[in-house]
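The block underneath contains the structure these notes are about, expressed in structure tokens.
The values are calculated or read from the model by the stated rules, or taken from the named source; none is laboratory data. Quantities reported herein were computed from a predicted structural model and do not represent experimental measurements. Backbone-built Cβ (ideal geometry, glycine too); neighbour counts: all protein chains shown. Calculation scope for accessible area: heavy atoms of the full protein, side chains included, ligands and nucleic acids excluded. Shrake-Rupley method; radii C 1.70, N 1.55, O 1.52, S 1.80 Å.
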Amino acid sequence: MRAVRRFFVHEYALVTYAGLLLAVVLTWPTLRYPMHTVPQDIWDPARQAWLVSWTGHILLTEPAQLWQSHAFFPERYSLAFGNSLLGYAPAGMLGDGPFAAVLRYNIIFVLAHALLFVGGYALVRQLGAGRTGASVAAAAFAYAPWRLAQEGHLDIVSAGGIPLALAMLARGHGWSIRSGLRPGRRHAGWAAMGWLVTAWQISLGFSLGLPFAYVLAGIVLVVLVAAPIRHWRKPAQRPVLGWRLLVTDLLGLLIVAGVGALIALPYLRAADVPGTAEIRFFSPPLQSLLIAPAESRIWGAAHAVPRASLAWPAEMTLLPGFVLYALALVGLVFSIWKWWQRLLLLLGLAGATILTLGTTFFDGRWTYLPLFGHLPQSFGVRIPGRLMLWVTLLLAILAAGAVAEFVRRAEHLSAQRIPPWPGPWLRLATFVPLMLVLVESWNATAHPVMPEQPVVMRTVTGPMLVLPTSDLQDRSVMLWSTSRFQPMANGSGGFAAERQATLRQNVASFPDAASVQYLRSLGISTVLLVRSQVAGTPWERAGDVPVDALGIRREDLDDGVVFRLN
């Protein structure tokens, strides 16, 4: 019983409880109507809810067809038209249909925020900061204002595995910033867990996974250079890596590289041209680091004018928080970290900021483009601003050093008192930075209601085309299709926009002889017209046009019209 009690009141158990509570509160009202509403907008969440449903469904029924999704018919490797979120496939095995998909999406969304907090806390704690400093850093990392612009992108919100994996790897190798390398603290089990979490994080998508892989490759390179130097300088000490840890690292690297390569193959087969033009378009200006998104309740209205000057505010409002900036600035001169460690953190921060600016910094020729410019659009690394993740993490580590030093000095001052116990005001003062960070993360995110699934979607068979079709409308159609997963030409996401635009152009006059012949050439046998969605579209009167001369059949149903082309 004592062991069970210790498990439930362990430091990281308490951090997990706090992370879950903060996630529910700071993403509210996500869980108010979790089967009907989604955060930010209905478009990207609908597509990503479909992604999780599809991967879970196909792995249970026909795993060999994982990458050949039923959408984008008759395209191949269509799951590679965006981040796959494969790591969430086990959740997709539970339940079916749009309501289950939306509920599943909202639960994962909240848990992803909790993991951001827990992972950030674990990393900063492992590096040597105290509990208060780690809490401030975790809150600043998980709920930075710039993240509010990404609340509709589950693949970008799902970054908690990055700091968690780094924390596990650091703990497994007995290393921290404050204490350096401690051979007695090595544990191959923690290192193995770190590599598994790394593989899981990469399986969620390359937008965050590829930069993470670059960071790990840099760390491995530093270790390969530093280990022989340390052994040469201090041969009498234990080796930097024991044989168990060495085997674990080799296997871990192979697993991560293997997972990354297996996932990359479909993306390369479905590859399009490199996204250099889009990288230039999405590269944010320097002032974007001071501009908050509209979803920030504290700064959103105040930053409306500078936000309007940005070419694409949704990806260029990159404020990590003025409180975080202030704490990190203090952390450069007042910190538990040594001066040379602060200097290295500052250099890393400068490098991460330069990469985040993309081609804005000297056209990106020696920074972002060599790392990401040669990759096809399918890898999803065309938006440099998403590297703000690393800027925020480094700022949080600097801030944690300042907060931890403040707590250390407050405890030293308290020890001089009789009795040696801090007064309530002194103890409360140590939590002021945490409170300020949480206040600045207050959101005003919209939670729109998802469009209701037409009943006919549960009965019609494919291959089919659902009308009306557009880049945004098809995302709802993809979600509606989670009842039966019928093959359909509809689809939206990634670099498939040009292909789908050609399809929509050719069927804009449906039903007529040219569009019918075109659909037959694609293998489409059924066209479903959803009457509740056609107002204001080219297909507004398509359900009333005579079709006898076209050699097709029409069935009028309660909420739609079904055209049989064969």
Requested in this report: Please find, among ALA508, ALA514, ALA501, the residue that is outside any strand (DSSP E or B), open to solvent by 60 Å² or more (accessible area, probe 1.4 Å) and among the hydrophobic types (A, V, I, L, M, F, W, C).
Outcome: ALA514
Query raised in the report: Within the range 478-498, can you find the residues that are of a type in the set (Ser, Thr, Tyr), buried (at least 24 other Cβ atoms within 10 Å of the Cβ) and out of contact with any strand residue (DSSP E or B) (no Cβ under 8 Å at 6 or more places or on another chain)?
Result: THR482, SER492
Query raised in the report: Which of the residues that make up the range 459-477 are in a helix (DSSP H, G or I) and crowded, with 22+ Cβ neighbours inside 10 Å?
Result: ASP474, ARG475, SER476, VAL477
Query raised in the report: Across the range 1-28, which residue is surrounded by the fewest Cβ atoms within 10 Å (Cβ to Cβ) among those that are farther than 30 Å from HIS447 by Cα and of a type in the set (Gly, Ala, Ser)?
Result: ALA3
Report summary line: Residues of the range 543-566 being of a type outside the set (A, V, I, L, M) and open to solvent by less than 70 Å² (accessible area, probe 1.4 Å), in sequence order, are GLY543, GLY551, GLU555, ASP559, GLY560, PHE563, ARG564
Query raised in the report: Is there a residue being open to solvent by 30 Å² or more (accessible area, probe 1.4 Å) and more than 24 Å from ARG32 (Cα to Cα) anywhere in the range 450-458?
Result: yes
Report task. Name the helices (runs of 4 or more DSSP H) wholly inside the range 1-93 in which the number of residues that are under 23 Å from PRO376 (Cβ atoms) is 1 or more. Result -> 43-61
Query raised in the report: Which of (1) among the β-branched types (Val, Ile, Thr); (2) modelled with pLDDT under 95; (3) in contact with a Lys or Arg (Cβ under 7 Å, 6 or more places away or on another chain) does ILE42 not meet, given it meets every other one?
Result: (3)
**Report entry** Residues that are closer than 26 Å to GLY120 by Cβ, surrounded by 18 or more Cβ atoms within 10 Å (Cβ to Cβ) and modelled with pLDDT of 90 or more, drawn from the range 367-381
**Finding:** THR367, TYR368, PHE372
Report summary line: Reported set for the range 18-76 where residues are closer than 17 Å to ALA101 by Cα and over 20 Å from the mean Cα position of the chain (by Cα) is ARG32, TYR33, MET35, HIS36, HIS57, ILE58, LEU59, LEU60, SER69, HIS70, ALA71
Query raised in the report: Limited to the range 357-366, what total is found for residues that are within 20 Å of GLN287 (Cα to Cα) and open to solvent by 30 Å² or more (accessible area, probe 1.4 Å)?
Result: 4
**Report entry** Residue that is nearest to ILE42 (Cα to Cα) [pool: residues in the range 484-511 that are more than 26 Å from the chain's Cα centre (by Cα) and of a type in the set (Ser, Thr, Tyr)]
**Finding:** THR502
Report task. Return the pairs, sorted by first residue and then second, in which the second residue is aromatic (Phe, Trp, Tyr) and open to solvent by less than 50 Å² (accessible area, probe 1.4 Å), the first residue lies in the range 177-188 and is in contact (Cβ under 8 Å) with a residue 12 or more places away in the chain, the beta carbons are less than 9 Å apart, and the residues are 6+ apart or on different chains. Result -> ILE177/TRP337; ARG178/TRP337
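Find the helices (runs of 4 or more DSSP H) located wholly in the range 288-356 whose residues include 2 or more that are open to solvent by 20 Å² or more (accessible area, probe 1.4 Å) and either among the small types (Gly, Ala, Ser) or farther than 30 Å from TRP366 by Cα (or both), and list them.
304-308, 322-331, 339-356
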**Report entry** Residues of the range 90-109 satisfying the condition of being surrounded by 22 or more Cβ atoms within 10 Å (Cβ to Cβ) and either touching a strand residue (DSSP E or B) at 6+ places or on another chain (Cβ under 6 Å) or over 13 Å from PRO45 (Cα atoms) (or both)
**Finding:** GLY92
Report task. Give ALA192, ALA159, ALA134, ALA167 a once-over and let me know the one that is in contact (Cβ under 8 Å) with a residue 24 or more places away in the chain, in a loop (DSSP other than H, G, I, E, B) and surrounded by 15 or more Cβ atoms within 10 Å (Cβ to Cβ). Result -> ALA159
